[in-house]
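Remarks on the structure that follows.
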Amino acid sequence: MTSLFFYGTLRHVPLLSIVLGRPAEEIALWPAMLEGHAVHAVVGESFPMLVEGGDGARGLFVEGLSAEDLTRLRFYEGGFDYDVETRVVATESGPREADVFIPPNGLRADPKLWCLDAWVAEWGEMTLHAAREVMSYYGEASAQDVARRFAMIRARAAAKVNARQGARGHSPCGFTDNDVEVANVTRAYVDFFALDEYDLRFRQYAGGQSETVKRAVFVATDAVIVLPYDPVRDRVLLVEQFRSGPYGRGDPRPWQLEPIAGRIDAGETAEATAHREAEEEAGLTLRTLHDVAHCYASPGCSTEFFDIFVGIADLPDDVVGVSGLESEQEDIRSYLFSYDSLMELVDRFEAVNAPLVLAALWLARHRERLRETA
């Protein structure tokens, strides 16, 4: 049996319980301190690191860990190149030896101390969702595979948090997720996106529950759509790029005109994503954002949720060009369209991107107000 000292996110007992795969009351743990050290935030990250010096690093001493426990812990942490070192920690019953996960070299400590309570308030719920997905791959995927998928795992987890905190839909029937009974859920596919298959029953309007039905759900993330509009020049900017969806459908025109769009990353607001994507995809600085809609893309089969905006921007003639992140193999060309040309695309059914049509129709309704206040 092995003892470990946790000074960072695994001090959060609900997270430790998920990683070890057993209830918290079955884990032997006590408060402890690693003297002569401190726990600092890592610059640009949500997790902490040990730094020598300071008034002591507070944490948890956990004993009686089995080989299986250690394998699960290494799987959870293993994709991030942590080393394990043995240290002596102070506990209520005296000094005890414990192994400690040490972050890799190259991390830069923030001058401020890391606070577990603050981390739980900001990141806790999302991290628990992400940890459940990570540990669901235990025994099926390598830690390196999980690390490669981790950005999308966190984005999917953030979408779950957003769904609970920002539920907007008006439902006259008053039914909730408590009126659904899930018999089984299987992850049929996962890489950049995921596909889940559910066997479930749901409450019916006439009373009682439905028969068990099978439903496949495409598991995506929350995304931002923003249509840049210049109210002085009365024109918009659209981007064009290759889209695999139309190509897979057999559309002979898989290069699509659309607004600027992008995934909402974990820890990022929809508004921050809109500004970031405008810079990345078109080199634009948006002055203000106007809410168009907050809606599911295709609720019959997908978790994908859109936050759609019109963004006020300066759009001179020379603003267009080719851009995008090379790291994501983006090849994006931007174009300027007058307001009238945009609406002609909509009227001729040549705008085949649903968020573009929705944003254009919102603009038609609010255009005069935007121009009057420009």
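You will find that of Val120, Val100, the residue that is over 30 Å from Tyr189 (Cα atoms), in contact with a Lys or Arg (Cβ under 6 Å, 6 or more places away or on another chain) and either surrounded by fewer than 16 Cβ atoms within 10 Å (Cβ to Cβ) or touching a residue at least 24 places away in the same chain (Cβ under 8 Å) (or both) is Val100 and no other. For the stretch 22-42, indicate whether the set of residues that are assigned by TED's automatic domain parsing to the domain that holds Ala130, in a strand (DSSP E or B), over 29 Å from Glu268 (Cα atoms) and among the basic types (Lys, Arg) is non-empty. Looking through the stretch 22-42, none of the residues is assigned by TED's automatic domain parsing to the domain that holds Ala130, in a strand (DSSP E or B), over 29 Å from Glu268 (Cα atoms) and among the basic types (Lys, Arg). With respect to the stated conditions, Leu50 is assigned to a strand (DSSP E or B) and touching a His at 6+ places or on another chain (Cβ under 6 Å). For the stretch 169-182, the condition holds for no residue, the condition being that it is surrounded by 12 or more Cβ atoms within 10 Å (Cβ to Cβ), assigned to a helix (DSSP H, G or I) and not charged (D, E, K, R). Among all positions in the stretch 244-263, there is no residue which is crowded, with 18+ Cβ neighbours inside 10 Å, farther than 30 Å from Asp318 by Cβ and not polar (S, T, N, Q).
I'd like to verify a number: residues in the stretch 137-151 that are among the acidic types (Asp, Glu), farther than 20 Å from Ala220 by Cα and surrounded by 14 or more Cβ atoms within 10 Å (Cβ to Cβ), how many?
Keep residues of the stretch 137-151 that are among the acidic types (Asp, Glu), which gives 140, 145.
Now restrict to residues that are farther than 20 Å from Ala220 by Cα: 140.
Pick out the ones that are also surrounded by 14 or more Cβ atoms within 10 Å (Cβ to Cβ) and you get none.
The number of residues fulfilling the criteria is 0.
For the stretch 216-224, check the following and say yes or no: at least one residue is among the hydrophobic types (A, V, I, L, M, F, W, C), closer than 30 Å to Asp340 by Cβ, surrounded by 15 or more Cβ atoms within 10 Å (Cβ to Cβ) and under 23 Å from the mean Cα position of the chain (by Cα). Checking the stretch 216-224: at least one residue is among the hydrophobic types (A, V, I, L, M, F, W, C), closer than 30 Å to Asp340 by Cβ, surrounded by 15 or more Cβ atoms within 10 Å (Cβ to Cβ) and under 23 Å from the mean Cα position of the chain (by Cα).
Restricting attention to the stretch 203-248, the residues that are in contact (Cβ under 8 Å) with a residue 40 or more places away in the chain and part of a loop (DSSP other than H, G, I, E, B) add up to 6.
Among the residues of the stretch 58-100 satisfying the criterion of being part of a strand (DSSP E or B) and more than 16 Å from Leu29 (Cα to Cα), which is nearest to the chain's Cα centre (by Cα)? Show your work before the answer.
So the first thing to find is which residues in the stretch 58-100 are part of a strand (DSSP E or B), and the list is 58-65, 83-91, 94-100.
Now restrict to residues that are more than 16 Å from Leu29 (Cα to Cα): 83-87.
Working: Asp83: 27, Val84: 29, Glu85: 32, Thr86: 34, Arg87: 35 Å.
Among those that are part of a strand (DSSP E or B) and more than 16 Å from Leu29 (Cα to Cα), it is Asp83.
The values are calculated or read from the model by the stated rules, or taken from the named source; none is laboratory data. In this text the structure is predicted, and so the values were computed from the model without any measurement. Please note: Cβ atoms are built from the backbone with ideal geometry, for glycine as well, and neighbour counts cover all protein chains shown.
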